[in-house]
Ligand code: C2E
Ligand code: MG
Ligand code: MG
Ligand code: MG
């Protein structure tokens, strides 16, 4: 241990272990420590009805509260966690933490569906269904309060396996959402094969909604498709009232984005909710 700091590190040098690999290796080590030291936190972003604004759910988004570097967003560590397999314990933690959060909220009289992002590797795990079922059983959380977010590529990777898994999850009562819908290169045929409840319209379309007629046309077709197939639609990344109005007029049911609120840690979320409901409930 002491040796690593005594300036003789050069003996480990090899062309393979260059600066980039070292940075990765250090990051991997830090990620492992973060797990042990419980440095991950879940933030929650509200989802509200486009029409009327009623709170309908929240998405759980992981952050890494690093004691030295501060709050690190998932984009900076989830890919490495995927590559190294650390996503499995991290993913387990996320599910357990969502259950614990549900328990705390239910104790306060708040029953709110939480959407959870799954990673490809986590979903492919053979023990995934047993693990998540166990986490819910242990905390007494009904599966309909958990929405599982998958991406198109996760569904396409091994479509038959994925369909079998999703059918089991659906039968257990979980809700299934497709995240970043419209950005993958997948065929629409898979919408017939999977028991999907929700299409999440990717924020790249929402961003261009008012400037780009093509983006609006794509959103229109996603909403029409969802309606025809009996699925709900959630628009991600809604930042302006103009976007919200347009989405609502075009029949999008649920809105998520900075216009409503940024993702917040537990306490701030509950404070936000109290204020939000006081504002939107007529006296
Ligand atoms: P995502 O699931 O598509 O999540 C939406 C992202 O958009 C979040 O970024 C959220 O903070 C951000 N966002 C929400 N509203 C707005 C808005 O109005 N404007 C803009 N510009 N951005 C908005 P975040 O939290 O950095 O997460 C990034 C991605 O990391 C997520 O994309 C998801 O794919 C992944 N991720 C997050 N949490 C987890 C997790 O627990 N497990 C796994 N496997 N992946 C996660
Ligand atoms: Mg998501
Ligand atoms: Mg998304
Ligand atoms: Mg995503």
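Bear in mind these aren't lab numbers, they're just calculated from the coordinates by the rules spelled out. Everything numeric in this text was worked out from a predicted model, so none of it was measured. Please note: Cβ atoms are built from the backbone with ideal geometry, for glycine as well, and neighbour counts cover all protein chains shown.
The length gained by stretching the chain between residue 130 and residue 187 to full extension, at 0.36 nm per residue less their Cα-Cα distance, is 17.6 nm.
Per residue, the convex hull spanned by the alpha carbons of the stretch 17-72 comes to 103 Å³.
At a Förster radius of 45 Å, what calculated FRET efficiency corresponds to the Cβ-Cβ distance of residue 275 and residue 138, to the nearest 0.05? Efficiency, rounded to the nearest 0.05: 0.85.
Counting every other Cβ atom within 10 Å of each residue's Cβ, 250, 69 order from fewest to most as 69, 250.
Antiparallel beta bridges, as assigned by DSSP with both residues in the chain, represent about 45 percent of the total such bridges.
Where in the stretch 48-81 does the label zone of residue 108 land, with the point 7 angstrom along Cα→C-beta and an amide N cut-off under 13 Å? Residues passing the 13 Å test: none. In this simple spin-label approximation, residue 39 and residue 27 carry label points 7 Å from Cα along the Cα→Cβ vector, and these lie 1.4 nm apart.
Calculated mean residue ellipticity, 222 nm, the chain: -14500 deg cm²/dmol, from DSSP H runs (n ≥ 4) at -39500 (n - 2.57) each, averaged per residue and rounded to 500. Label point 7 Å out from residue 224 along Cα-to-Cβ: which residues of the stretch 233-274 have amide N under 15 Å? Inside the label zone: 250-252.
Every Cα-Cα pair of the stretch 163-231 was included, and the share exceeding 15 Å stands at 56 percent. Across the alpha-carbon atoms of the chain, the computed radius of gyration and Dmax are 20.7, 72 angstrom.
Please state the shape class of the stretch 124-167: rounded when a/c is under 1.5, otherwise prolate if a/b exceeds b/c and oblate if not, all from the C-alpha gyration tensor. Prolate is the answer for the stretch 124-167, as a/c is 1.5 or above and a/b outweighs b/c.
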